[in-house]
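> I have a structure I would like to understand better, so I am pasting it below and will then ask my questions one at a time.
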Amino acid sequence: MAVGTILFVLLLALLILFFLRQLWTRRHLPPGPLALPLIGSLWASGIRLHEDYFHEPAKRYGNIYSMWLGPKHFVVLSGFQAVKEGMTSFPEEFSNRLQDVFLTTLGETRGIFFSNGEIWKQHRHIAVTSLRKLGLGNKSVEPQIEDTVQTLVESFRETKGQPFDPSFLVISAISNVICALSFGYQFAPEDENFQKLIQALEIVAKFTGTFFHMLFIVFSQLMKYVPGPHKDALASVEVINSFAKQEVEKHKESGSLHTPQDFIDHYFLQMEKSRNDPNSTYSEENLVQCICDFFVAGTETIFSTLMWALLLLTNYPDIQEKVQKEIEDTFSSSASISYQDRKKLPYTNAVIHEMQRFKSVLIIVAPRQSTKDVKINNYHVPKGTMIVPDLRSVLLNPEQWETPEEFNPNHFLDKDGKFTEREAFLLFGIGKRSCVGEQLARIQIFIFLTNLLRAFSFQLPEGMKELNETPIVKLTVHPHPYKLCAISRKP
């Protein structure tokens, strides 16, 4: 027998043994595609995220199934019931966040978004209490957002109804809201350091969810020595980090513990109060990471939401006109609109919710990590397993929505035209790790859109039939670049 034949037989036998061993050791896990060495189950699902990335496996394996990214085991929860029960039945077991070695390379496990245990508990607390003291939940924070929107309105007005790309103006405005709350002031759009921050945020957003990002998660030590787009992304994370550090240093000289005006002031006050507490995790390093978390997690999601909103309003002029009429019939031209006024604008509120449902900026809820062995539907989920709630399977679930694939504001209206909440609207997550910035996001989106719609009608450039609604899918989902016309509705 030739040596080549012997080697082939041995290799085939090893593959069969590997396959049988895998079936045996994973027999109690949720079902899923065969995981191959190094690549895991990427051979079955592909290396690029797309809208239906998690849909096809769910059809084959059910609403709870396994996937493998290299050696890392993920359990995907698909559909409203599986996501709701999985996240609420194990609040403590699924309270840890997945460690993204790319985004934590410079910040380690600090701050809010990627921290766990006592660090997370203390920093979620300081974030929530500080935002509340700064006015989140009442009207005192809204003037800062309104000032930002008015600057955006004036920038839109300068286009004089000609086609333009709104993306830079929108992301600058959103970032300035975070600056106002974090630092106590905003930046001029032409400020050089501010522009570097915006550019860095865009680079990080474009990198996350790419093939190189996945490689970095699996082979982080190796990827540090390999050229590729991750190098630019890591440098951009450092730019964001340095920007936050500079602002913290400025506050050391000018901030006041007696009359805190922004998040950094409140954080320093908490550091002072906890100075003699041996369990305190408050530190300058954690403060810097919190600010980076605000920018990375808060800017991209709200930016993508508003870009989808402007696109949909332009593509559906009848819905846009109906929103504008409701606003005009309810408020005089000089009256300001607060977040509390959403109750007076049921159709507008329904449209805003439907935009977020129909074009969700997230494919999945931020993954969790199991802190101990658990059983889900008689499946064994070992400690350390990554739990991935499939958000798209909830927001487009035909069992929960009458016309899930259509842009239909009636999903959030009852038969009398009154706004109604929907339990399956899990846009901001569920359970202990739900989005800490949910309230701020809701306020920003409402105030931005109502003010923009009072000032402008958004129209297609001449000769265009509609804007492209096909998404670009990474960890966030955003539209292709587009231009529209902002036609002034009042002087």
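The values are calculated or read from the model by the stated rules, or taken from the named source; none is laboratory data. This structure is a prediction, so every number in the text was calculated from the model and none was measured. So basically every Cβ, Gly included, is an ideal-geometry build from the backbone, and we count neighbours across all protein chains shown. Heavy atoms of the whole protein, side chains included, go into the accessibility calculation; ligands, DNA and RNA do not. Shrake-Rupley method; radii C 1.70, N 1.55, O 1.52, S 1.80 Å.
> Expressed as a whole percent, how much of the Cα-Cα distance distribution for segment 212-333 exceeds 20 Å? Can you show the working numbers first?
Values: 4943 of 7381 pairs.
Roughly 67 percent, rounded to a whole number.
> Kindly flag which residue pairs out of K160/K325; K133/K322; K325/K483 have an alpha-carbon separation exceeding 30 Å in this structure. Display every interim value, and only then the final one.
Details: K160/K325 23 Å; K133/K322 36 Å; K325/K483 25 Å.
As for pairs spanning more than 30 Å Cα to Cα, those are K133/K322.
> Compute the relative contact order of the chain as a whole-number percentage, counting only Cα pairs closer than 8 Å that sit 6 or more residues apart in sequence.
Reported relative contact order: 23 percent.
> Moving on. According to a simple spin-label model (label point 7 Å from Cα along Cα-to-Cβ), what is the distance in nm between Q150 and R27?
7.1
> What net charge do the residues around A205 carry, taking every other residue with its C-beta under 10 Å from that of A205, with Lys and Arg at +1 and Asp and Glu at -1?
Values: positive: K206, K474; negative: E202, E300.
So the surrounding residues net to 0.
> To continue, here is another question. Express the Stokes-Einstein translational diffusion coefficient of segment 409-491 in µm² s⁻¹, to the nearest whole number, given a Kirkwood radius over alpha-carbon pairs, 4 °C and a viscosity of 1.567 mPa s.
It comes out at roughly 79 µm²/s.
> Would you tally the net charge around H251, using a Cβ to Cβ cut-off of less than 9 Å, leaving H251 out, and scoring K and R as +1, D and E as -1? Intermediate values should be presented prior to the final figure.
Values: positive: K250, K252; negative: E247, E249, E253, D262, D265.
So the surrounding residues net to -3.
> Using a cut-off of 11 Å between beta-carbons, work out the net charge of the residues near F183 (Lys and Arg +1, Asp and Glu -1, F183 not included). It would help to have the intermediate numbers written out before the result.
On the way: positive: K250; negative: E247, D262, D265.
Here the charged neighbours net out to -2.
> What's the extension gain from R132 to K432 if we count 0.36 nm per residue and subtract their Cα-Cα distance?
Length gained between R132 and K432: 106.2 nm.
> Next up: Label-point separation (nm) for E192 and Q221, each offset 7 Å from Cα along Cα-to-Cβ?
4.1
> Binning at 5 angstrom from zero up to the longest distance, how are the C-alpha pair distances of segment 268-319 distributed in percent?
Result, from short to long distances: 4, 17, 14, 13, 10, 10, 8, 7, 6, 6, 4, 2, 0 percent.
> Related question: Loop only by DSSP, 11 or fewer other Cβ within 10 Å of the Cβ. Give me the GluC sites (Glu not before Pro) in segment 157-227 that pass, ordered by residue number.
Working: sites: E158, E190, E192, E202; in loops: E158, E190.
Here the sparse-neighbourhood loop sites are E158, E190.
> Among the trypsin sites (Lys or Arg not before Pro) in segment 168-228, which ones are in a DSSP loop with at most 13 other Cβ atoms within 10 Å of the Cβ? Mind listing them? Don't skip to the answer; put the middle values down first.
Details: sites: K196, K206, K224; in loops: K224.
Filter output for segment 168-228: K224.
> Report relative contact order for segment 171-290 in percent, whole number only (criteria: Cα-Cα under 8 Å, sequence separation at least 6).
Details: 83 pairs, mean separation 31.2, N = 120.
Dividing the mean separation by the residue count of segment 171-290 yields 26 percent.
> Mind listing which chymotrypsin sites (Phe, Trp or Tyr not before Pro) in segment 209-286 are in a DSSP loop and have 13 or fewer other Cβ atoms within 10 Å?
Values: sites: F211, F212, F216, F219, Y225, F243, F263, Y267, F268, Y282; in loops: F219, Y225, Y282.
Sites meeting the loop and neighbour criteria: Y225.
> Which value, in Å² rounded to 10, gives the accessible area of K252 with a 1.4 Å probe and all protein chains present?
100
> How many nm separate the modelled label positions at E56 and Y379, each set 7 Å beyond the Cα in the direction of the Cβ?
Modelled inter-label distance: 1.9 nm.
> Right, another one. Figure the gain on full extension for K245 and S333 (residue separation times 0.36 nm, minus the Cα-Cα span) and round it to one decimal in nm.
On the way: separation 88, 0.36 × 88 = 31.68 nm, distance 4.25 nm.
That works out to 27.4 nm of additional length.
> Using Stokes-Einstein with the Kirkwood hydrodynamic radius over Cα pairs, what translational diffusion coefficient do you get for the chain at 10 °C and a viscosity of 1.306 mPa s, in µm²/s rounded to a whole number?
Calculated translational D: 65 µm²/s.
> Please report how far the C-alpha centroid of segment 277-309 lies from that of segment 379-436, rounded to the nearest whole angstrom.
24
> What lysines sit close enough to K59 to cross-link, taking a C-alpha to C-alpha distance under 20 Å and skipping anything fewer than 8 places away on the same chain?
Once the sequence-local lysines are set aside, what remains near K59 is K84.
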